[in-house]
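To start, the structure under review is shown below, and the notes come after it.
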Amino acid sequence: MFFLQANSFTILDLSLRSVYIYLIMNLLVLSYFSWNIALWDIYGIKTPLIVFFLFMGFVMTVAIIPSWSTNQATSQKVPNPPLNKED
């Protein structure tokens with residue numbers, strides 16, 4: 001599968017990824033309007049703002065999830081610099 005290969009990208013992989021990007025963007029727009037239509041009777045004119053806050057809350061929640069990778073720059077310990085110039 002194309003997404004399991006870390007460093008070998010082909011033109012087919014990049015074109016397939018661009019198809020996924022367009023698909024996901026269209027689904028996001030469709031879901032935005034669907035949520036607005038579904039919640040309009042309840043919240044009225046405040047619905048787009050509420051849906052925007054829900055979306056941003058989801059994005060921030062996903063951004064907090066750790067990656068669990070072993071190649072993180074923060075995992076390496078850096079020695080402390082000396083306090084005096086004499087040391």
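Quick look at the values:
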| quantity | calculated |
| --- | --- |
| Estimated distance in nm for a label pair at residue 25 and residue 56, the labels positioned 7 Å out from Cα along Cα-to-Cβ | 2.2 |
| Contour minus Cα-Cα distance for residue 18 and residue 49 (0.36 nm per residue) | 8.2 nm |
| Dimensionless Rg/Rh of the range 8-64 - Kirkwood Rh, Rg from C-alpha atoms | 1.18 |
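Values quoted throughout were computed directly from the atomic coordinates according to the rules given, and no laboratory measurement underlies them. The structure presented is a predicted model; accordingly, all values stated were derived computationally and were not measured. Cβ: placed from backbone, ideal geometry, glycine included. Neighbour counts: every protein chain shown.
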